[in-house]
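The values are calculated or read from the model by the stated rules, or taken from the named source; none is laboratory data. As the structure is a computational prediction, the values presented were derived from the model and not from experiment. Because the Cβ atoms are built from the backbone with ideal geometry, glycine has one as well, and the counts that use them run over all protein chains shown.
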């Protein structure tokens with residue numbers, strides 16, 4: 001504080017502090033307080049409105065499950081067609097099929113009085129029931145028996161028809177709900193039901209996202225540590241400047257454009273498959289090619305590229321403060337390169353590694369642009385996508401706030417565990 005007053009005077013220092021306080025209050029404290037309040041506010045729709053809300057929620061859950069089944073079936077169909085093209089004909093075998101559970105008929109609740117034009121639609125599984133055809137994840141069950149291509153195509157058509165019917169049904173129910181709520185009203189109370197009502201599917205996606213974010217963080221460290229060490233120990237200032245310039249220049253481009261550039265590289269007709277075709281490893285004219293975007297590996301790659309600076313710079317800043325004579329002394333005493341890094345460099349770089357891991361984990365866990373753009377619908381969903389749907393598709397802002405708060409708590413827990421593992425405090429991280 002005294003240094004600020006000496007440098008800028010009391011007037012400018014007061015303005016700076018006032019703007020900082022307003023910024024913290026308006027952009028951090030108040031939004032977080034509002035999110036916490038909504039997360040613990042349970043909206044109870046009484047009577048007909050409650051039944052309608054339950055039906056609508058089940059309908060959205062079933063549509064989500066159908067999208068997951070369609071993603072699996074289309075990927076299997078594409079794999080079978082490509083295999084058939086490679087063999088010069090249709091494949092003889094079948095394809096793995098997700099378990100599809102036919103839905104019995106659903107009749108509206110006796111307490112409801114739907115319009116004459118409203119017809120019963122297929123019932124929907126309870127959110128608490130196991131979800132059919134969940135996309136592959138570390139927590140998903142193994143797939144079932146194989147099916148021929150014709151049956152896979154038939155199931156795709158049936159699921160698309162069911163999805164279209166459900167979407168029409170949702171629109172009708174929401175219109176009835178709006179009219180019912182005007183007369184019956186809704187009641188709000190503070191409760192933890194927004195958390196406890198989380199479906200099994202959403203909980204599995206939540207756990208998967210934490211696992212995926214850890215993978216991205218680990219991969220970022222493996223990629224960025226050698227770069228940071230090379231830059232910190234480079235003897236030529238020009239070499240360091242060129243390395244840093246090479247890292248920073250791509251960030252002059254909009255993040256979405258960087259993501260789309262990776263899509264063009266990893267798509268089936270993309271640059272990477274073009275290189276493999278030029279090397280003679282595949283024949284793109286014959287329909288061969290690997291759709292790299294249809295996996296979480298592609299998402300991990302793009303996230304590592306998108307957040308590389310957040311891991312490189314903290315590690316670089318800490319290694320740069322290391323006395324290089326320690327490295328030379330360890331080398332003169334006969335230590336191997338691995339032992340030098342393990343006993344000298346890494347212990348000194350712990351604060352930088354902790355900061356890089358925290359920033360990379362939080363950014364990847366909360367990212368929605370990368371999993372939405374890279375192979376959308378071709379890989380398991382991330383929890384940020386579920387949160388987006390709760391807010392803007394299901395219209396359940398309180399549940400969306402609860403899901404967001406759950407993800408925030410997971411990130412805070414990761415920060416605390418990270419600080420305990422690296423044995424660093426807030427002051428070490430701030431340095």
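Would you check if residue 353 is assigned by TED's automatic domain parsing to the domain that holds residue 310, closer than 22 Å to residue 219 by Cα, surrounded by 16 or more Cβ atoms within 10 Å (Cβ to Cβ) and touching a residue at least 12 places away in the same chain (Cβ under 8 Å)?
When the stated conditions are applied, residue 353 passes them.
Would you point out the residue of segment 323-349, among those that are surrounded by 12 or more Cβ atoms within 10 Å (Cβ to Cβ) and assigned to a loop (DSSP other than H, G, I, E, B), that is modelled with the highest pLDDT?
349
Exactly one of these conditions fails for residue 305: (1) within 18 Å of residue 349 (Cβ to Cβ); (2) at pLDDT 90 or above; (3) surrounded by 13 or more Cβ atoms within 10 Å (Cβ to Cβ). Give me its number.
Only one criterion is unmet by residue 305, namely (1).
Being under 24 Å from the mean Cα position of the chain (by Cα) and in the same structural domain as residue 346 (by TED's automatic domain parsing) narrows it down to one residue among 266, 279; which is it?
Just one listed residue meets the conditions, 266.
Results for (1) free of Cβ contacts under 8 Å to residues at least 60 places away in the same chain; (2) under 16 Å from residue 350 (Cα atoms); (3) buried (at least 19 other Cβ atoms within 10 Å of the Cβ), shown as yes or no for each residue.
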position: 379; (1), (2), (3): no, no, yes
position: 382; (1), (2), (3): no, no, yes
position: 387; (1), (2), (3): yes, no, yes
position: 405; (1), (2), (3): no, no, no
position: 409; (1), (2), (3): yes, no, no
position: 420; (1), (2), (3): yes, yes, no
position: 428; (1), (2), (3): no, yes, no
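Every residue in segment 368-390 that is part of a helix (DSSP H, G or I) and more than 8 Å from the chain's Cα centre (by Cα), please.
369, 372, 373, 386, 387, 388, 389, 390
Residues of segment 231-255 being loosely packed, with under 11 Cβ neighbours inside 10 Å and either within 33 Å of the chain's Cα centre (by Cα) or not assigned by TED's automatic domain parsing to the domain that holds residue 311 (or both), which ones?
Listed by number, the residues that qualify are 245, 246, 249, 252, 253, 254.
It is to be established whether one or more residues within segment 286-301 are surrounded by fewer than 16 Cβ atoms within 10 Å (Cβ to Cβ) and part of a helix (DSSP H, G or I).
yes
Suppose we keep only residues that are within 21 Å of residue 61 (Cβ to Cβ) and out of contact with any helix residue (DSSP H, G or I) (no Cβ under 6 Å at 6 or more places or on another chain) within segment 187-198. Which one would you say is modelled with the lowest pLDDT?
Step by step, filter segment 187-198, then rank; the result is 191.
Of all residues in segment 266-276, count the ones that are surrounded by fewer than 19 Cβ atoms within 10 Å (Cβ to Cβ) and closer than 12 Å to residue 375 by Cα.
So the answer is 1.
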